[in-house]
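The structure under discussion appears below in the form of structure tokens.
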Amino acid sequence: MCISRGEKYVGADHDVSGRPFSVLIEREVTEPALRRIFQESTSGGSLPGNHWHYGKRLLSKRGVIWYGPDWKADFAEIPRTDRDLIAVPSNFRQNLAQTLGFPFENIRLVQVAAERDVRPEPRAGERTISPNGVGLTNLVRAFINSDDLPRNEVEIELLRELNEIYLGDCLFTAITCRENKGGVWEIFLREDSKGDIRLSQSGSSLKSIFIILATLRLLPKIDNVDWSKVLLSLEEPENNLHPALLRRLLNFLARQREERKFSLIISTHSPIGIDWSTKRSDTQIIHIKHDGVSASARVAIGYGNGREILDDLDIRASDILQANGVVWVEGPSDRIYINKWIALNTGDRLKEGVHYSVMFYGGKLLSHLHGLAPGEGDKLISLLALNRNAALLIDSDRHRGKPASEGKKARKPRMHLNHTKLRLKQEFEALGGYVWITEGREVENYIPPKVLDKLAGEAVKADSYDDIVALPELKSFGGDKIAIAHSAVAQLEAGDMSGHLDLTARLDQLCEAIALWNSK
């Protein structure tokens, strides 16, 4: 398939391998298309009865349309095509498929190719940028030196966007374009500490980003662009970009797409790009495969499809940390509380399985764990070897003790943390991890009093060091911590957490840590 940079798609009679050209796209039947083909004023012929009465039953049916040479269309007789569509007489069926139209018709393709470069160029009359970057130098020259183009688009706006993406890596203070003795022009970027730098002699990452930004910023100023009909195709943006730079570029492109309403297609083999896409509600991952004979594309939905993509790219679990961070908790009931608290604290912006994972260490196993760098403390299990981004939630187990009762010995008070908890806190924090040791006895002590009252159906008298699960007012739960957790979070609202022990402060710190894991 060939697409012009102008107004429409151009047909072809074969693909690059010489086989007959074809495209298969699934479409939904719309009422406007039906009314053009099945007229209310017509009856009889090859259709039984009134044509509209016959055709309206096809509304919202889905079918795969086959587009052949010259974009002739028909519904393909494959399982995903609704059988009612196949049963329509062929001339009506073909006209309906053609009327639905190619979904990208009248879309303007703006492309940035995978192989791209910025080179010195002689002055030329043509003002454009090719997908590989040819023409960029001449276009920048025109914006800076021609009186019919706004130079601030390069000297102020393009410079600002360049610094936005390179934030923290370097700071450019000027973009200029100069002519040498041979009449060839070249773009220079200025850094105060280095002076003027030739863009043609800079790294490929800087050239790539400059081409992308100039395409978005400058092309619309020389050509009247309806952004709602633009398809921006960006091939392999990860080429020569380090992960943080790639994420900043992708975030910039996402904001531009949202503001200008164009469509954005990114082809990538990068796990960074795939990971970025999974965290957004406005993106879709399409997995393209080739079986040696033909290519196929399908939407990747769910964990299984995502894992298949990683397998196809031969990205192994040891190559990337598949969770951006792990929150370690003692057991399943703690996970219920943590997820609810994080959801309330962030307005559902941070989600388990996307921004963090929860794993259990089991309270009695805590002494077998360490938070040292992997390779140290070999006699213990390293939590950081599983993921370098880690937070640890630990019950303090503080209690006031109990007097002796019938058949039971007195229980001594414990108001100080034991050696294991202090050791893990020190080890984790020394390496940038986050440790939350409950202010009260355990996680259940963070249940707000009014929620406890609702669970019990009566007023509950309990303090920070009581064993909540063993309270007589909650005996209907039979000591089931999971059941109590589910019931408690169902009653919990954001305002309930404020002012109750150190919950709000500690939760803010945990959410900040998780947000930082996902911003790296």
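Coordinate-derived values only; no laboratory data. Quantities reported herein were computed from a predicted structural model and do not represent experimental measurements. Please note: Cβ atoms are built from the backbone with ideal geometry, for glycine as well, and neighbour counts cover all protein chains shown.
Counted by neighbouring Cβ atoms within 10 Å, the residues 477, 210 run from fewest to most as 477, 210.
Both radii come from the Cα set of region 50-111: Rg as radius of gyration, Rh as Kirkwood radius; their ratio Rg/Rh reads 1.03.
Whole-Hz Karplus values for region 199-205 come out as 5, 5, 9, 8, x, 5, 5 Hz, taken residue by residue from phi with 6.51 cos²θ - 1.76 cosθ + 1.60 and θ = phi - 60°; glycine and proline positions read x.
Counting every other Cβ atom within 10 Å of each residue's Cβ, 27, 160 order from fewest to most as 160, 27. Converting phi to 3J(HN,Hα) with the Karplus coefficients 6.51, -1.76 and 1.60 and the offset θ = phi - 60°, region 69-84 yields x, 6, 6, 5, 10, 7, 6, 6, 7, 10, x, 6, 8, 4, 5, 5 Hz in sequence order, with x at every glycine or proline.
Each of 438, 30 was scored by other Cβ atoms within 10 Å of its Cβ. Listed from fewest to most, they are 30, 438.
If the Kirkwood radius is taken over C-alpha pairs of region 207-301, then at 25 °C and 0.890 mPa s the Stokes-Einstein diffusion coefficient equals 167 µm²/s.
In region 60-195, a dipole from Cβ-located charges (positive for Lys and Arg, negative for Asp and Glu) runs towards its positive end, and of 87, 167, 134 it is 87 whose Cα lies farthest in that direction. Our coupling estimate for region 31-43, obtained by passing each phi through the Karplus curve with A = 6.51, B = -1.76, C = 1.60 and θ = phi - 60°, is 5, x, 5, 4, 5, 6, 9, 10, 7, 5, 8, 10, 9 Hz, Gly and Pro reported as x. Separation of the alpha carbons by more than 20 angstrom is noted, of 450/481; 454/475; 421/481; 450/475, for 421/481. For region 109-283, the dipole from Cβ point charges (+1 on Lys and Arg, -1 on Asp and Glu) about the Cα centre works out to 40 debye, to the nearest 20.
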